[in-house]
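Have a look at the structure below before the remarks.
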Amino acid sequence: MIKEIKIPGTNKTIGGDSVFIVAEIGKNFIQTEDDREIDEYLDNAKRLIDEAALAGVDAVKFQTHELEDEWHPSVNIPFPHFTLKDRLSWIKRNTEATPLEFWRELAEYAKKKDLVFFSTPMSRKAAEKIEKLVPIWKLASGDVTDYLLIDYMIETGKPIIISSGQTSLSELHNLINYIESHGSKLAVLYCVSIYPAPPDAFNIGTIDYLKEKYPHLPIGFSDHSIESNEPAMASVKAGAKIIEKHFSLSRNLWGADHKVSLTPSEMKELVFQVRSGLFDKVKDKYYGEKDKELDGADTELRKYFGKVLVASKDLPKGTKVTKEMFYAMRPALHLDGVSAKNLNEVLGRPLKRDLSRLQVFKWEYIK
């Protein structure tokens, strides 16, 4: 039987009779190529919250960045899903646009609208920044191997929603076991990391697979399609308890995710269809194979979003390794070092040499 997750400080639950619908605002408060004042970003974000509330969703979710421990400054490349901007300056802009007061004001504003406010922190420092403002966490599929971030989320004691778009079934299983072994509540979202995802990319049978393997967990669907609501409807028919969709005022705005977002009228229609149950004939169309490997096992994005361990400060030879001595930084594709998924294998071991701050960590550096 599914264990419902009660969201602290709210009257909302995940896993109950009602589907929990999330408007993924992400970074869609940035809408122009040129930099704007923080007040303008804040006004944009509030307008998005207003429209999400009118559409009838349960929650608004953002994305939080801190450049210092997310992206290595030696690498400056665009990402496959957003080639209009190099990643380094994009993360820098998102960091500078969102001081703590930005998030505090949005959290209060969303609460007044009776919406759950939470975020996807893209690094440990990003999570530390917003910890006191969010009742639950979202772990991005690109960070399912970032055990610095995962351990921090666990330590807060808050429920965690994890997305499967960039992971294999075995990696997902290991992560679920790891989080549950530490006593954290969690939910899992089936996801295909294509931006936008064509309807024929989905394998809704995966939701049945996840429900059977983890009958006690709420299973949901993070949907990057825009052509039709049918994949989302099919997932609800299959038993999804969470629907997450990107949300924007317009798909024509400038930024990484506007093009994969629902507009206010489209989100309102999605909420109506989910609440009214108008999806009886769509499940089989997108079902596919129940036991199919996740697309995330070999998606191109893994090598970009993957993280390696990097020294967070100068470290002398002989120092025994602790979590605080590391950042987990992207992109693994251009950083030859120990994956962040191997964090627990290096903790407590002494260094064989001095390390300088931001030096990529290698196996041969420890005894």
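The values are calculated or read from the model by the stated rules, or taken from the named source; none is laboratory data. Bear in mind that the values here come from a model prediction, so they are computed numbers and not experimental data. Note: ideal-geometry Cβ built from the backbone for every residue, glycine included; neighbour counts use all protein chains shown.
Quick look at the values:
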{"item": "Matching residues in the stretch 345-367 - criterion: being closer than 16 Å to Asp314 by Cα and among the β-branched types (Val, Ile, Thr)", "result": "Val360, Ile366"}
{"item": "Failed item in (1) of a type outside the set (S, T, N, Q); (2) assigned to a helix (DSSP H, G or I); (3) modelled with pLDDT under 95, with Tyr195 passing the rest", "result": "(2)"}
{"item": "Residue that is modelled with the highest pLDDT, among those in the stretch 256-272 that are under 30 Å from Leu88 (Cα atoms) and of a type in the set (Val, Ile, Thr)", "result": "Thr263"}
{"item": "Residue check, Gly318 out of contact with any strand residue (DSSP E or B) (no Cβ under 8 Å at 6 or more places or on another chain) and either among the basic types (Lys, Arg) or surrounded by fewer than 20 Cβ atoms within 10 Å (Cβ to Cβ) (or both)", "result": "no"}
{"item": "Number of positions in the stretch 273-295 that are at pLDDT below 80 and either assigned to a helix (DSSP H, G or I) or crowded, with 16+ Cβ neighbours inside 10 Å (or both)", "result": "4"}
{"item": "Which numbered condition Asn252 misses (of (1) in the same structural domain as Val116 (by TED's automatic domain parsing); (2) surrounded by fewer than 21 Cβ atoms within 10 Å (Cβ to Cβ); (3) in contact (Cβ under 8 Å) with a residue 40 or more places away in the chain)", "result": "(3)"}
